[in-house]
Every structure is written in structure tokens, then in C-alpha cells.
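Everything below concerns the one structure shown next.
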Amino acid sequence: MSNELAKNFEPKSFEEALYKKWETSGYFTPDVDPNKEPFCIMMPPPNITGQLHMGHALTYTIQDIIIRHKRMLGYSALWLPGTDHASIATEVKIVDMLAKEGITKESLGREGFLKRAYEWKETYGGQIVRQLRRLGSSCDWTKEAFTMDKQCSKAVVEVFVRLYEKGLIYQGDRMINWCPSCLTALSDAEVEYENQQSHLWHIRYPYVDGSGYIVVATTRPETMLGDVAVAVNPNDKKYIDKIGKLLKLPLTDREIPVIADDYVESSFGTGAVKITPAHDPNDFEIGLRHDLEIVKVIADDGTMNENAFAYVNLSREEARDKIVKDLESLGYIEKIEDYEHNVGCCYRCHTTIEPIVSKQWFVSMEQLAQPAIEVVKDGSVSFIPERFSKIYFNWMENIKDWCISRQLWWGHRIPAWHCKDCGHITVSRQVPDKCEKCNSLNIYQDEDVLDTWFSSALWPFSTLGFPNQTKELEYFYPTNVLVTGYDIIFFWVARMIFSGIENMGKFPFSEVLIHGIVRDALGRKMSKSLGNGIDPIMLIEKYGADVLRFSLCMGVAPGADIRFSEDKMEPIRNFLNKLWNASRYTLMNIEGLDLPKLETFELSNIDKWMLNKLNEVSNELNKNLNSYDLGIASAKLYDFIWGEVCDWYIEFTKPTIYGENEELKLNTLAVLKFVMQQSLKLLHPFAPFITEEIWQKLGDSETIMNTNFPVFNKAFSFKKEHEQIEHLKEIIKAIRNLRAQMDVEPSRKVKLYVNTKSKDLIALNSTYIERLAGCSGIEFVDSSDELNDKFATIVTSVVQIYIPLGDLIDVAKEFERLDLEIGKLNKEIQRGKSMLSNQGFISKAPQHLVEVERKKLADNKDKLEKLLIRRAEL
RNA sequence: GGGCGCAUAGCUCAGCUGGGAGAGCGCUUGCCUUACAAGCAAGAUGUCGGCGGUUCGAGCCCGUCUGCGCCCACCA
């Protein structure tokens, strides 16, 4: 194998092959090893409906970074992948697809439909899993799960039966959210509210006795056909004598009473509310309190039913128009106001939700919610950032029973069998052959399937073998961190927490890392309807997965949304290319050489400075990664690799590497190789492909994936050398700056005359100064008197440097430059003096900070003095 | 109605427990210097939204106001 790298990095040329190698080598599969500490992340399973989008790319990048870091730290790290059947979302898509073929799901029948659905799953479920690999996700595919596979389904049935037996699952007639388009019930969490411009219709309901009328206001006139009362506040003087009177319901032959209920606010609208228990949640409650009839007028498909008098079979919308028109022409309309209000919509198809009373299955939440609130309160489970726990509490503390039945076919069928003879419901783990109560064979399984989130709620343990107590379950449960967006805290996180506690006796994870969502360049949510989505696979094709991953996390604050556009990719591409070339430099110089081990020779000052820096970065990076501050960690790596390793360290190695001293050269190269190797390891969790590709040539093991992540090492702490080389950098920068200001041609080498008490600093590092600042020759002097030529001066706290530049020196310009410097210094000195003369600062600030200020002041005074002398001489 | 977030350089955003304001892009100037022009070097740019408070010291903590965004609730 050649050890050469191409001039520019081409991710396309190596990413897929490396992934294949990782996967087939089994690197993603951790051992159940009692001697190692487990670390487990459950992958939020993507829906089988789709394509990888930027939201996936973000969340899986974060998870992969965390898991790769832990793996390199020696944990037995499991990232368990899988897909979600996404009951309603998938069924909607399949129905659409069938519609294009001119088929309805009813014509196929349940069996036929499910056959098509499984085919669909094979096609599209496979796609997203392939795309996950493109991203570099180091998940254990041997444990890949699917919410409807045998294992997960077994867990679903087990949990359902357990909850039923404990009385925590029940069937009942309740007000639920009905989607007239998907034709199914929905949970509260599945309803989204949209602000809509509408009207408030004021309608006159005449008293039966002919003594005038009462005016009610409504946003939904079509529901009036289902009115069974008009409610007023019991203390409302306006209506107090009307309570109990009968009203004639317009457009119908029905008579309804005026009733009193505290729910009504006298001050709002007319102070009288029409009551439609069948089609409004609040009215339903009032209906229960007053034992009112439930008159349903809207059918499940959103059309008016047989109770709708002249409006039977009209759609909700048509009925509204016609009813309003009829009321108007009959003089029942008092007035129509413009009105803005929120309308509940289906989170999948955005059809307006119809609240209806229906027989559904529910999970009783109160008892389950309590311990789930507790584990977050007592810190057993913590949200990162912490503020998201408020969202969680808000939901959990006001939780209502969870409607879990769906009138769909794609999903887990409810394990309940109804007896046609005695009506008893048999809930069972196995398919029963007879009614458990009356032994009748005349039983049939409930037609409904479960809410898709019922199975996702069990994900942290169903995927590890529950209800069987497998060794994996024992080892990896509870898992460590759950990573997800804030948009599914209710849907998923909350439900996993109470499900874990209820079924496993222990919360499913100890940390919940919440990230934001990826938005477009204008800050809008990426959506299909807007067409503003960016395809991550396209970006991977163009720039490589590493660039995408890195651009999604560099400099991003925890929990913050990301405004993303393709132009964020290029700077990262350049960064990785920089790393690529630094590696190329290393490789071309170590080619064929036998390098000494680091412990066998004396490190140079540059070596020590670099190793110290590396050590510090490693230390900080571990801290940042352990607290999941990936934005800070990635930015730090960018600065370190580009700003320190490439800009300074590699330049420092050149005089030696291109020099004559063979021994020094080998030593330097040994350090260089080590520094590059460590840097690759540090970067590997973020950019797995490029680091592995380089490791294949520069590393000394089979894969970088299983190397040890660099950690703080006391032996590489070199404080003195750090300060020395930082000062050297300052000198070099000052010379470069001066050269630029004086328009010294880059090719022109200048000689330096140095006046300093720290001659060692200069003498030891003269070659670096010469090479990096474009100088030739350094001579020590005791004063500028020893120079004949015109010169410019540079002053630091340690040295005074004279640079003879002959005619390039413009005395007026030099005055200007010095005055500017002197001005700045005076300000600094002023600041330092006032701080140090502040008694409060001296006595209350930490001692080391006071010291720092003292030293700064002394240095500045020293510099100023030198500059003033120089100015006087000019 | 309740809660949360954001407001920092022309643009996009960092800034961890309070201790002299940062990055990337863009801009100016000069360079193809044997890792890299996807590059190198040097530079310019900020009443850290307003006001008040705590503190020796505030971009950071507290209060308040303004503007933008989000979530929950759903008074018909």
C-alpha cells in the first residue's frame, strides 16, 4: 500500500468502503462484558415512510459522536438502531399509493392491505437504513429492531395485558379527537392547533312560550342541530329568571332547556352558551354534569348524519353555509362578528379535527404519571438543557388519559377479543379460542390497532429482549442518554419514562439530550410543502459525510435551532482539507524512516509546547464531550488543528525537518507523527471517515475506531515551555506586522538586532524567528547606538528588537506608528492602575487575578518606557 | 391566559460556573513561501436591544420595558 495521499481530499473515494469495513469487522457490536462499563443509546427509530432529512442527519450525528467517544474511552458502547412502523403516517401514504392504482384499502381487505404494507416497508424501510450508513452511524446493525417485528410485538402485547390486568387500560365512551379524513381517533398530542380567521355567529333561540329569545354565540353553527341545552352562569342576573325555561331550537322541531352552569362566563359573548355534548369537549362535560342527552349530528366521515334534519349528507362545511343562510333568511341571526381562533387539526393530514364521543381504548394516566414526574424531580433523569424539563412537567402534571386505539390496519392489533354472546372482553397474551367468561366460541378480535407511540414507548427495553430477561437487557438497561428533538418530548420521551418505570421498575435513561431543529437559511422549518428542504444525501455526495456532520454541530448551542444553508459546508470542507494536507506533509516526511519512541529522547521546547497544547485540548474536549457540549468541542478542534497544529507547529517543524541534524529530525518527526495521530483520534467522533482514511496510512493499528481517546496526561504538562513559545509567537507576529506596515517585500530578508536580558529565548529559537518572520541573522546589542542604518523598533515585555530597513523607513510614518502604540499602552496602564488602586479589587478579587494585573501593569510600564526612549531618539 | 427561547462585527452564530469581546463568511492589502490558492501573511469593523439594580468588577446574575420566535391551554 502506498503511503501517499492525493493532494485534495475526496471523501467519495473512501467513505463507503470504510463503512463496509467497519460493519463487517463487527466494530459496532459491543460485548456484554461485565469487566467493562456499558454505555447505551437507543436510536430514535426513523419512520419507514421516508427519506433521511436534515433533522435525522443532526440527531444521528450527535448520537454517533457521543457513542464513538464513549467507545474510544473503553465503554462497551451500544447504539441500537431500528425503524418505526409509524402506523398512521405510513397507512396514509399507502392509501395514497393505492389510490393512484385506483384501489381502495377496503377492496383489498385487511389481509391484502397488510401484505401491501409489508412490501412497502421492505422497499422504504431499507432505504432509510442505507442512508443512515452513509452518514457514518456506528450503530449495531446486528441488533436492528422494527417496532412491528416479533420481539417488539411481543413486548407490546405483554405491556397491554399487564396494564389491562392492573386496570390501567380500559375501554370507554369518551370525547376524543376524530380525524374525518384518516377516519381514526387521535390522542391529544396528535392534534395541532392552527390559527384561523372565522366568524362568531350570534343566533337567536326563541323561548317556547313566545316571550322573546336568548342569543347564543358560536364559531360552529353546524353543531347547533345537536344542541340539547343553552347554559348560563347561575349568578348572571340577566338570565336568572330564565333558567329552566324551554327554547325552540331553530331549524328543528326540538325543544331544549336553559340550564345553569359555572363554566359559563357572563362577560364573554352573550353570556349564554349553546350546549352540544356530542361535538365539543366542554359541552360534553356539562352534559355529564346535567345528565343531558348526547345528540350526534356529524358522522365519522365528516358529513351530517340522520339527526341533521334538512342537512343530512351535507359535508360539515356545506352544512355550515346552508344553516347560516337559512337562519339568516328566517331572521334568527342577530349579528356576525369577525373572529380569530384556534382550530385543531390532524398532525398527519391537517384536516380539521372533529371532537366526537366514541368508544375507544384508553390508558389511565394519573397513576403512571406520578413516578415519572418524580424521577425527573429528584434528578434521576435529567434534561439537557435543563429548561426542557419544564415542558415535560407541564405536560405530565396536566396529563389526561391517553387514547390508544386507532381505527387503522397498519399497527399492533389490540389483543382483546369480544364475545358476541355475553359481550365480555377477553384480553390475552395468546389468541384465545373462547370467551373466558361464558366459554362461547363466538368471539372476534377488536378491529383497532394501537397508537404508534404505544410501541415506541417500549423501545428502550423491547429492543433488548423484554419481556424476557436477556443478558443484554440486564447489561444495558437502563440506558444512558436519549437524544432527540424538543418536538417529541410529549409523544415519546414522556411515554418512555413512565413505560420504563411501570414495566422495568426503573426509568429508561438517566439523561435526555434535547437538540433543536434544522431550519432553512431564512429560519423557516424545512417542509415538503414549502419545498425548502435540503437533502443530506445530496450534501454527502458533494462534500462527504464528515463535512455535513461537522457543519451540523460546530458552534451550535445546546438545544438551539440551526439555520442551515449549503454555504456552511465549504469552510468545513476546507478545514478537513487542511487536516488532509497536514497529514500529507507528515506522511511524505516520515516515509521509510525508522522513528524513535517518544520516551527515548529529549523533547525540544517546541515539542513540549505542542504536547502541552495537545494535552490541554484533550482534557477540555473530554469535559465538553462528557457534558455533550458538541458545539464548543467541535469549534475547539477546528481552532486547535488549524490554528495551532497547522499554522504554528508544522511551521516550527520545518527548519528541523528540512535541516541537517538527522537525529533532531527523527525526533521531531516522531513527535509530529504522534501529534497527528492524537489529533486524528480527537477528531474521529466528529469526522469518522477522513480520520480513519488517514489512520490507515498514519496510524499504527487496524482501525482508529478502537484506539484510546486522548485524555489528560500529567507527563505532557509543560508550563514553562508553553509560556516561552507563546512569547516567541508574539515576537514573530510583531515582526510580520511591522513588515506589512512598512511594505517590506516578502522576499526581502531583514536582519534583527535584539536587546534583551533573556538571550536564551532568542538564541534557542533563532531559526524559527528567521524562517517564520523572514529574517536573516540575529545579533545581540545593548543599545540602538550600535546600529548605523535607519531602523524600526518592536517592543515586547521581554525584548526590544531593532530592524534596519534603510530607505524604507519613513520617519514621519514611524512617529505615527509609535504614537499609536504609546497611546494604546497608556490606556492599558491607566486601566491597570485604577484596578490596582481599587481597594475592593485588591481585597475581594481572587489573588491570582490580582497578580496577573500586577504583572501586566509592570510589563506595560516597561514597554512604554522602551517606546518613549525610541521616540526620543527618532 | 400560562410557560420558554432569542436580541453580540455587514451576514450566520459561539461565548461553560461574572475577571480585559470571539469564530466562520464577507471586506481591505500583500503573497503560487518545496502540506494545502479548498492556501499563507497582515489588517479594519462592536453604546454585547433599552433602562434600573446587585457586585471591587456584568455580554453573563436580578428587576423592568421593547421587538421577534416557539410551546401549552382553548372563552362558546
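Structure notes:
- Positive-pole candidate from A:Leu614, A:His202, A:Ser462, dipole of chain A, charges at beta carbon: A:Leu614
- Computed over region A:797-855, the quotient of the alpha carbon radius of gyration and 2.2 N^0.38 Å is 1.68.
- About its Cα centre, the dipole of chain A is roughly 1420 debye, where the only charges are +1 on Lys and Arg Cβ and -1 on Asp and Glu Cβ.
- Packing-based ranking, highest mean first, of A:385-397, A:841-853, A:61-73, A:177-189 given that Cβ atoms within 10 Å are counted: A:61-73, A:177-189, A:385-397, A:841-853
- Cα centroid separation, region A:448-512 to region A:176-215 (Å): 38
- Compared with the dominant Cα axis of chain A, that is its longest principal axis, helix A:316-329 is turned about 60°.
- A Förster radius of 60 Å, combined with the Cβ-Cβ distance separating A:Glu165 from A:Ile240, puts the computed FRET efficiency at roughly 0.75.
- Put the Cα centre of region A:230-265 next to the Cα centre of region A:790-861 and the gap is 85 Å.
- For region A:254-260, 3J(HN,Hα) computed residue by residue from phi via the Karplus equation (6.51, -1.76, 1.60; θ = phi - 60°) reads 9, 10, 10, x, 8, 10, 10 Hz, glycine and proline entered as x.
- Distance violations [Cα-Cα > 25 Å] among A:Lys7/A:Lys697; A:Lys7/A:Lys542; A:Lys150/A:Lys359; A:Lys100/A:Lys143; A:Lys121/A:Lys143: A:Lys150/A:Lys359; A:Lys100/A:Lys143
- Highest mean packing comes first when the peptides A:463-470, A:526-533 are listed by Cβ atoms within 10 Å, giving A:463-470, A:526-533.
- Local electrostatic count, A:Tyr311, Cβ distance below 12 Å [Lys/Arg +1, Asp/Glu -1]: -2
- What the Kirkwood sum gives for chain A is a hydrodynamic radius of 33.2 Å, with every pair of different alpha carbons counted.
- Using alpha-carbon coordinates, inclination of helix A:105-134 to the longest axis of chain A, degrees: 10
- Remark on A:Val427: its backbone amide H falls under 5 Å from those of A:Trp417, a criterion applied only to residues 5 or more positions apart or on other chains, H modelled at 1.01 Å from N.
- Once the chain from A:Lys434 to A:Ser717 is taken as fully extended at 0.36 nm per residue, the excess over their C-alpha distance is 94.3 nm.
- J(HN,Hα) series, region A:78-84, from Karplus relation 6.51 cos²θ - 1.76 cosθ + 1.60, nearest Hz, glycine and proline x: 10, 10, 9, x, x, 10, 10
- Looking at chain A alone, DSSP beta bridges between its own residues are antiparallel in about 70 percent of cases.
- Of all lysines in the structure, the ones whose alpha carbon falls short of 20 Å from that of A:Lys237, not counting any fewer than 8 places away in one chain, are A:Lys245, A:Lys274.
- For region A:609-734, the normalised intensity computed at q = 0.09, 0.18, 0.19, 0.23 Å⁻¹ comes to -0.27, -1.08, -1.18, -1.50 (log10 of I(q)/I(0), Debye sum over alpha carbons, equal scatterers, no solvent).
- Near A:Asn47, the amide H atoms lying under 5 Å from its own belong to A:Asp84; only residues 5 or more places off or on other chains count, and H is placed 1.01 Å from N.
- Highest-first arrangement of A:683-694, A:636-647, A:741-752, where packing means the average Cβ count within 10 Å: A:683-694, A:636-647, A:741-752
- Dmax and Rg, reported as Rg then Dmax, of region A:678-782 (C-alpha, Å): 20.1, 58
- Taking amide H atoms as placed 1.01 Å from N in the peptide plane, the amide H of A:Val750 lies under 5 Å from those of A:Cys775, A:Ser776, each 5 or more residues away in sequence or on another chain.
Read-outs: derived from the displayed coordinates by stated rules, not from any lab. On a predicted model such as this, the values are computed, not experimentally measured, just so you know. Note that each Cβ is placed from the backbone with ideal geometry, even for glycine, and that neighbours are counted across all protein chains shown.
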